[in-house]
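S.K.: Below you'll find the structure I mean.
None of the figures in this text is laboratory data; all of them are computed from the coordinates on show. What you see is a predicted model; the values in this text were computed from it and never measured. Using ideal geometry, Cβ is built from the backbone for each residue, glycine included, and neighbour counts are taken over all protein chains shown.
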Amino acid sequence: MSFEFLKKLPTPHEIREQYPVSEKVAAIKKERDLEIKKVITGESDKFLVIIGPCSADNADAVCDYVNRLAKVQDRVGDKLILIPRIYTNKPRTTGEGYKGILHQPDPEKKPDLLAGLIAIRKLHLRAAEETGLTAADEMLYPENYTYLSDILSYVAIGARSVEDQQHRLTVSGMDVPAGMKNPTSGDLSVMLNSVIAAQHPHSFIYRSWEVKTSGNPLAHVILRGAVNKHGNSIPNYHYEDLIRVVDMYIEKGLANPAIVVDANHANSNKQYAEQIRIVKEVLHSRNVNPHIRPYVKGVMIESYIEPGSQKIGCGTHVYGKSITDPCLGWTESEELIYDIYRQC
C-alpha cells in the first residue's frame, strides 16, 4: 500500500475547543454574516470587495494587511463591504510548490499538517479579533471546512474544484455565501450547475458521518476567466460576458442570482496591475446597464502590502510580498478601493 499513515489529526471539534471563538468574534461574525447575506439576497445595495493576498503565508504580514483594510472599511462602509482574503490553502496546477499555511506554517520548512490546522485557525481568529473583519477562505479540502466554519463569512470554490461532487455537496451545508468559480475550461454551464447543486439539499458521507444538508441559497458564481486548448487566457469579465451570465441565471431560475468578478487569474492573464483596469471596466458595465447592476454584487482582487511576488528560499524575504501569484501593492489597492467607492 502506497499510503503511509503518519499521525491521526484532531477533529474539528477538538481544535475548536482548544482555540475557541471569543464572544467578541462571534458577535462580529453574526453581524458581518447578515450584512454580506443581504448583499447576495438583494436586500442591500452595498458592493462586496473580496481583497487580499493570493495566499496567506505569514500571520504578522497578513494581520498587518487586514488592519490596514479595517481602517479603509471605516471610511467606505456606507457603500462597500470589505472581505479580507485569508486564503490558507493554495491549489497547485502540477501539485508542486507552496500549498499554503495549512501545509507549511513556515514556508521555509517541511510540511506539518497538525501545526498547519492550528496555524490557520489562530490566524483567522487573530485577524477577526484585531480588526473586526471576518474573512474569506478557499475551500480546497471539503473535509477541512469545519475547522473554520465558525469564523469564516465567505467561502470560494476554485476553478479546479467546482466540478467535484464533494465540494458541491459540502457547500450545500454552509450558511454563508459561497462563490463557485467557472472551471478553467470556461464552461459557464458547469459553473451554473455547481450553483444548482449547492443550492439544493443532499445526503452524503462527510468526515465518516452520514449527513443531510438543507441547501445553500447563498451559493453564486465567480467569473475568473478561462484557458483555451493552447494555454491562452480568455477573459470573461466584459460587458457581453456579464449579459450572458445574467441571461443564464434568468433561464435557470436560481435563488439570489449574484455575480462576483475575479479580476486576476485568467481574466488578467496573471498581469496583476491589470486588475485596476478590469475592476473599473466591471463597474462601468454595471453602471451603464440597469439590467446588469443588480446581479454584479462584487469583485475579487489579489493584493498584499508590497506589489509583485518573490520566490521562497532565495535568501532574502520581503515582508508582505506574495510568495505565490503576484499581487497589487497596498498603495494601489487602497486607491482602487476608493475608486470603487466613488463609482458605487
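S.K.: Using label points projected 7 Å from each Cα along Cα→Cβ, tell me how many nm separate Val211 and Asn193, to one decimal.
M.R.: Roughly 2.3 nm, to one decimal.
S.K.: Hey, quick one: spin label on Glu251, modelled 7 Å out along Cα-Cβ, who in the stretch 206-224 has an amide N within reach, i.e. under 17 Å?
M.R.: Of the residues in the stretch 206-224, 221 have backbone N under 17 Å from the label point off Glu251.
S.K.: Using a cut-off of 17 Å between alpha-carbon atoms, which lysines can reach Lys99, once sequence neighbours fewer than 8 places away in the same chain are excluded?
M.R.: Lys90, Lys109, Lys110, Lys311, Lys321
S.K.: Just rank Asp187, Asp33, fewest to most, by other beta-carbon atoms within 10 angstrom.
M.R.: Lowest to highest Cβ neighbour count: Asp187, Asp33.
S.K.: Further question: Set the Förster distance to 30 Å, then compute FRET efficiency between Arg75 and Asn228 from the Cβ-Cβ distance, nearest 0.05.
M.R.: 0.15
S.K.: A follow-up question, please. Picking from Pro183, Pro12, Pro326, which is most flexible by a Gaussian network model of the chain using Cα springs under 10 Å?
M.R.: Maximum among the listed residues: Pro12.
S.K.: Right, here's the next one. What is the ratio of the Cα radius of gyration of the stretch 12-343 to 2.2 N^0.38 Å, with N the residue count, to two decimals?
M.R.: So the Cα radius of gyration is 0.92 times the expected 2.2 N^0.38 Å.
S.K.: Still on this structure, I have one more. Rank these for me by crowding, Met300, Met174, going from fewest to most other beta carbons within 10 Å.
M.R.: Working: Met300 28, Met174 20.
Ranking Met300, Met174 by Cβ neighbours within 10 Å, fewest first, gives Met174, Met300.
S.K.: Return the single residue from Glu274, Glu251, Glu129 with maximal mean-square fluctuation; model: Gaussian network over the chain, springs between Cα atoms under 10 Å.
M.R.: Looking only at Glu274, Glu251, Glu129, the biggest GNM fluctuation is shown by Glu251.
S.K.: Given the DSSP H assignment, sum -39500 (n - 2.57) over each helix run of at least 4 residues in the chain and divide by its residue total; what's the result at 222 nm in deg cm²/dmol, nearest 500? Spell out each step's value before the answer.
M.R.: Details: 9 runs with 125 residues, N = 344.
Counting only the DSSP helices, I get -11500 deg cm²/dmol.
S.K.: For a quick check: sort Leu336, Leu114 by the number of other beta carbons within 10 angstrom, fewest at the front.
M.R.: Values: Leu336 21, Leu114 14.
Starting with the residue having the fewest Cβ neighbours, the order is Leu114, Leu336.
S.K.: Distance in nm between label sites at Asp164 and Glu129, each 7 Å beyond Cα in the beta-carbon direction?
M.R.: 3.1 nm
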